[in-house]
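The values are calculated or read from the model by the stated rules, or taken from the named source; none is laboratory data. The shown structure was predicted, so the numbers you read here are calculated from the model rather than taken from an experiment. Note: ideal-geometry Cβ built from the backbone for every residue, glycine included; neighbour counts use all protein chains shown.
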């Protein structure tokens with residue numbers, strides 16, 4: 001499969017014969033030349049597919065990836081890893097067809113700079129973003145999206161590791177995530193947690209973990225997390241040294257940290 005450049009109609013259909021009608025799991029791995037994916041708009045390829053992985057497809061384009069997803073209406077799990085040519089996830093007009101997608105993992109896509117229309121994934125429950133350094137470096141939510149939020153309100157678990165996260169983009173990501181119960185942030189340069197205006201919407205958040213956020217010095221609106229049960233700061237040394245973190249505040253949240 002190393003030399004495959006294009007996946008076209010002939011791959012999954014031949015005349016009246018439609019291939020793989022019952023296939024549920026599919027992985028594309030180590031396909032360094034894969035550039036194009038094409039299929040007729042009226043044809044629904046892989047009608048039973050629920051789990052797809054794209055790994056080590058460094059030449060896969062935004063257009064090809066979008067074409068692949070358009071007809072996968074039963075998809076529940078999607079992983080994208082080491083696809084270095086991807087710049088953006090598909091638009092909302094493509095993603096809104098994925099009404100059953102619950103889990104999305106995006107790992108080591110070094111040029112990915114936009115999550116596209118990710119807010120259209122209305123059933124998404126788990127999102128992992130790892131080692132995509134351009135992804136959240138400059139993302140700020142627009143005024144027209146403020147009430148709706150940038151990420152799907154259905155999210156229950158969010159993990160962001162080494163994705164260029166800033167104070168502004170963290171606030172944008174958390175806007176109106178009323179179903180979020182678990183949040184982990186690691187290896188980023190944020191200096192403060194979001195304000196109380198952002199935190200007060202996280203009414204379901206029970207577990208919050210920060211790892212190796214070396215610039216973090218302020219707890220922001222943390223006290224507004226009324227449902228929080230587990231709070232963990234690991235290797236966030238400046239936070240406890242900061243003048244903004246008073247002895248009273250440390251005592252207040254220490255029992256939460258100990259419950260981990």
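Looking at region 224-235, can you tell me whether even one residue there is touching a residue at least 12 places away in the same chain (Cβ under 8 Å), out of contact with any helix residue (DSSP H, G or I) (no Cβ under 8 Å at 6 or more places or on another chain) and more than 23 Å from residue 125 (Cα to Cα)?
Taking region 224-235 as the starting set, the residues that turn out to be touching a residue at least 12 places away in the same chain (Cβ under 8 Å) are 224-235.
Then keep just the ones that are out of contact with any helix residue (DSSP H, G or I) (no Cβ under 8 Å at 6 or more places or on another chain); that gives 226-227, 234-235.
Imposing the further condition that a residue be more than 23 Å from residue 125 (Cα to Cα) reduces the set to 234-235.
There is at least one residue in region 224-235 that is touching a residue at least 12 places away in the same chain (Cβ under 8 Å), out of contact with any helix residue (DSSP H, G or I) (no Cβ under 8 Å at 6 or more places or on another chain) and more than 23 Å from residue 125 (Cα to Cα).
Across region 77-104, the number of residues qualifying as part of a loop (DSSP other than H, G, I, E, B) and more than 18 Å from residue 56 (Cβ to Cβ) comes to 10.
Look at (1) surrounded by 16 or more Cβ atoms within 10 Å (Cβ to Cβ); (2) at pLDDT 90 or above; (3) closer than 27 Å to residue 136 by Cβ and you find that residue 87 fails only one, number (1). Residues in region 216-226 include at least one that is surrounded by fewer than 21 Cβ atoms within 10 Å (Cβ to Cβ) and either within 21 Å of the chain's Cα centre (by Cα) or in a strand (DSSP E or B) (or both).
Restricted to region 21-41, and to residues that are under 13 Å from residue 52 (Cβ atoms) and at pLDDT 75 or above, which residue is surrounded by the most Cβ atoms within 10 Å (Cβ to Cβ)? Break it down stepwise before answering.
Just the residues of region 21-41 that are under 13 Å from residue 52 (Cβ atoms), to begin with: 23-29, 37.
Going one step further and asking which of them are at pLDDT 75 or above, we end up with 23-29.
Working: 23: 15, 24: 13, 25: 11, 26: 14, 27: 11, 28: 19, 29: 12.
So the residue we want is 28.
Suppose the filter is surrounded by 14 or more Cβ atoms within 10 Å (Cβ to Cβ), within 17 Å of the chain's Cα centre (by Cα) and modelled with pLDDT of 95 or more; does residue 69 pass it? The answer is no for residue 69.
The set of residues in region 42-57 that are surrounded by fewer than 18 Cβ atoms within 10 Å (Cβ to Cβ) and at pLDDT 90 or above comprises 51, 53, 55, 56.
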